[in-house]
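Student: Quick one: the structure is below, and I'll ask about it shortly.
The values are calculated or read from the model by the stated rules, or taken from the named source; none is laboratory data. In this text the structure is predicted, and so the values were computed from the model without any measurement. Ideal geometry is used to build each Cβ from the backbone, glycine not excepted, and the neighbour counts take in all protein chains shown. Remember, those area values only see protein heavy atoms, side chains included, never the ligands or the DNA or RNA. Shrake-Rupley method; radii C 1.70, N 1.55, O 1.52, S 1.80 Å.
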Amino acid sequence: MDRLAAHLRSEGRTVGIVAVEPDVALSGGAILGDRIRMQAHATDPGVFIRSMATRGHLGGLAATTGHVLTVLDAAGKDVILVETVGVGQDESRSSAPRM
């Protein structure tokens, strides 16, 4: 995602990134690892990164992902990228006991 965003920005395009991650068992929120991986874009006004937890939904996307895509489209982003949870990441987390 980081390199793809950099390439798109070099072409002058604005980018919206929705990064869906497994839940953190304690808080139910996202791990926010994508923010660490994409630090180079954190201060770029042409890139908007939205982290979201799956909140228990299997299949790699949160139930509200579609709503976030609609907002980014309405905000006029040229390209919207969706990074889903990796195969098996969320399924193994959902069966783990919550604290």
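Student: Inside segment 1-59, can you point out the residues that are closer than 11 Å to E83 by Cβ and either of a type in the set (A, V, I, L, M) or at pLDDT 90 or above (or both)?
Tutor: M1, L4, A5, I17, V18, A19, V20, M38, I49, M52, listed by residue number.
Student: In addition: Please list, ordered by first then second residue, the pairs with beta carbon atoms under 6 Å, 6 or more apart or interchain, first in segment 64-76 and closer than 14 Å to A53 by Cα, second open to solvent by less than 90 Å² (accessible area, probe 1.4 Å) and not hydrophobic (A, V, I, L, M, F, W, C).
Tutor: none
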